[in-house]
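Chemist: I have a structure here, written as structure tokens, and I will follow up with some questions on it.
The values are calculated or read from the model by the stated rules, or taken from the named source; none is laboratory data. Just so it is clear, the model here is predicted, and its values are computed rather than measured. Every residue, glycine as well, gets a Cβ built from its backbone with ideal geometry; the counts of neighbours run over all protein chains shown. Just so you know, the surface numbers come from the protein's heavy atoms only, side chains and all, with ligands and any DNA or RNA stripped out. Shrake-Rupley method; radii C 1.70, N 1.55, O 1.52, S 1.80 Å.
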Amino acid sequence: MARDADVLVVITPGGAATRNLVNADVLEALGPNGILINMSRGSVVDEPALIKALQERKILSAGLDVFAKEPHVPKELIEMEHVVLFPHVGSASIHTRRAMEQLVVDNLIAWAAGKSPITPVPETPGRPRGP
């Protein structure tokens, strides 16, 4: 897919299944006019491979709001003028934050009532999945 894209936007959960999903091969396929935007998790992009691809101009640019070792941002990325770095604040609207707050409350109410949480995660212990 990267070979056929000008801009590769990465929005996927983190974890073992997606660790370094965007690696040197994907960056090579993206090519010298390609732009990588990572809005998922820092673990999804092989950060050393990305730094090397940017330094060697194997890709044009990157827009990142997540990093492999949050909150540490590699010095090499900070020093590059063809990289845009931003803190992970994509959800920072009043409407979205209020909805997130309500979802926390709704999950806690469901949990306290002995029901499955509305938005279970694999790490949720002791409760059945689903409604």
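Chemist: Could you check segment 104-113 and list, in sequence order, the residues that are farther than 21 Å from G14 by Cα, open to solvent by less than 100 Å² (accessible area, probe 1.4 Å) and either at pLDDT 90 or above or under 26 Å from the mean Cα position of the chain (by Cα) (or both)?
Modeler: Narrowing segment 104-113 to residues farther than 21 Å from G14 by Cα: 105-113.
If we keep only those that are open to solvent by less than 100 Å² (accessible area, probe 1.4 Å) as well, we get 105-107, 110-113.
Residues satisfying the conditions are V105, D106, N107, A110, A112, A113.
Chemist: Just to be sure I understand the filter: pairs with C-beta atoms under 9 Å, separated by 6 or more residues or on different chains, first member in segment 61-85 and part of a helix (DSSP H, G or I), second member open to solvent by 20 Å² or more (accessible area, probe 1.4 Å) and acidic (D, E). Which pairs pass?
Modeler: Partner pairs satisfying both residue conditions: L77/E47.
Chemist: Let me ask another. List the pairs whose first member sits in segment 6-30 and is open to solvent by 70 Å² or more (accessible area, probe 1.4 Å), whose second member is part of a loop (DSSP other than H, G, I, E, B) and at pLDDT below 95, and whose Cβ atoms are under 6 Å apart, counting only residues at least 6 apart or on separate chains?
Modeler: I11/M39; I11/S40
Chemist: Right, another one. Just need a number here: residues in segment 52-103 that are of a type outside the set (A, V, I, L, M, F, W, C), surrounded by 11 or more Cβ atoms within 10 Å (Cβ to Cβ) and more than 29 Å from I118 (Cα to Cα).
Modeler: Qualifying residue count, segment 52-103: 8.
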